[in-house]
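Enquirer: Please find one structure pasted underneath; my questions will follow.
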Amino acid sequence: LTHWYGVCERTALGPLAEPLNVLSSLAFMVVAVAIFRQYRRHEDLENKWKWDVHVLTVLTFIIGVNSVAFHAFPNPTTELADTLTIVLFIVLYFWCVLFRIGRTTIFQAGVCFTAFVGFSHILVHQFPRALNDSIGYLSSMIALIMIAVYLFLKARPSSTHFMLAAIVGVVSLFCRAIDRELCGMLPTGTHFLWHMLNATLMYILLKQLVRNVNRVARLKRSAGDST
């Protein structure tokens with residue numbers, strides 16, 4: 001069971017066989033609710049339909065639901081649902097950060113996204129079982145570091161937050177990668193830390209989108225007041 005489902009904590013059948021993994025999955029739902037409550041307090045996000053922020057928040061909540069379902073009832077269907085929502089979040093956030101915070105053109109964003117997808121494909125194709133079947137997430141962490149460096153070179157304050165997110169992401173990926181290796185010493189494994197750190201990562205990233213929307217809105221209001 002441990003080998004098939006890739007997590008150390010599961011050593012038996014049944015929905016209660018991974019209590020830490022199930023409980024830690026709730027962290028994604030907590031983050032989604034926290035971000036929702038945060039942007040509801042901001043007039044610019046409340047009065048305008050910022051579809052990307054809303055969709056990413058909903059996806060975060062669904063990631064929590066699917067993670068609970070997979071760790072309670074692991075099977076190919078729940079595993080696929082769990083993976084797909086994470087991939088959707090990564091892809092959508094990547095585009096959002098390029099346009100909203102990176103301020104790229106469509107052409108520049110297309111080049112960056114093509115490079116990101118191509119690099120991810122190469123990693124997965126060349127090292128399919130590496131990092132406890134987690135190699136596909138490595139390109140996302142590298143992308144966060146590159147975004148942080150780019151924003152730093154542009155003297156953007158958000159660079160610090162993206163570098164923090166990248167560090168949290170790398171640590172979370174490490175926890176996922178070593179999970180099965182520590183089964184003998186740590187029966188609970190470390191996959192639950194992947195959940196909690198990943199939820200923290202997503203909170204940092206989503207908060208930057210909310211701040212960006214409000215910063216742009218404030219600039220537009222200031223420009224309007226000065227005319």
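The values are calculated or read from the model by the stated rules, or taken from the named source; none is laboratory data. Remember, it's a predicted structure, so these values are computed and weren't measured experimentally. All Cβ positions, glycine included, derive from the backbone under ideal geometry; neighbour counts span all protein chains shown. With ligands, DNA and RNA removed, areas are computed over all heavy atoms of the protein, side chains included. Shrake-Rupley method; radii C 1.70, N 1.55, O 1.52, S 1.80 Å.
Enquirer: If you plug each phi of the stretch 105-120 into the Karplus form 6.51 cos²θ - 1.76 cosθ + 1.60 with θ = phi - 60°, what whole-Hz ³J(HN,Hα) values come out, in order, with x for Gly and Pro?
Expert: With the stated coefficients, the stretch 105-120 comes to 7, 4, 5, 4, 5, x, 5, 4, 5, 4, 5, 5, 5, x, 5, 4 Hz.
Enquirer: Also, quick follow-up: Taking only C-alpha pairs under 8 Å that are 6+ residues apart, what is the relative contact order of the chain in percent? Kindly include the intermediate steps, with their values, before the conclusion.
Expert: Working: 261 pairs, mean separation 61.5, N = 227.
Worked out over the chain, it gives 27 percent.
Enquirer: Go through 120-133, 153-166 and give me the packing order, highest mean Cβ count within 10 Å leading.
Expert: Highest to lowest by the protection proxy: 153-166, 120-133.
Enquirer: Given the protein chains as shown and a 1.4 Å probe, how many square angstrom of TYR203 are accessible, to the nearest 10?
Expert: The value for TYR203 is about 70 Å².
Enquirer: Also, quick follow-up: Take peptides 53-65, 83-95 and line them up by average Cβ neighbours within 10 Å, highest first, as a rough protection proxy.
Expert: My ranking of the peptides, most packed first, is 53-65, 83-95.
Enquirer: In terms of solvent-accessible area of protein heavy atoms at a 1.4 angstrom probe, what is the ranking of MET202, MET196, MET146, highest value first? Walk me through the numbers on the way to the answer.
Expert: On the way: MET202 15, MET196 95, MET146 130 Å².
Putting MET202, MET196, MET146 in descending order of accessible area: MET146, MET196, MET202.
Enquirer: Carbon and sulfur: what percent of the chain's accessible surface (1.4 Å probe)?
Expert: Carbon plus sulfur share of accessible area: 72 percent.
Enquirer: Averaged per residue, what accessible surface does the stretch 1-147 expose to a 1.4 Å probe, in Å²?
Expert: About 54 Å² of surface per residue is accessible.
Enquirer: I'd like the accessible area for LYS207, computed on protein heavy atoms only with a 1.4 Å probe and all protein chains in place. Round to 10 Å², please.
Expert: 50 Å²
Enquirer: For the stretch 136-199 and the stretch 11-41, what is the separation of their C-alpha centers, rounded to whole Å?
Expert: 18 Å
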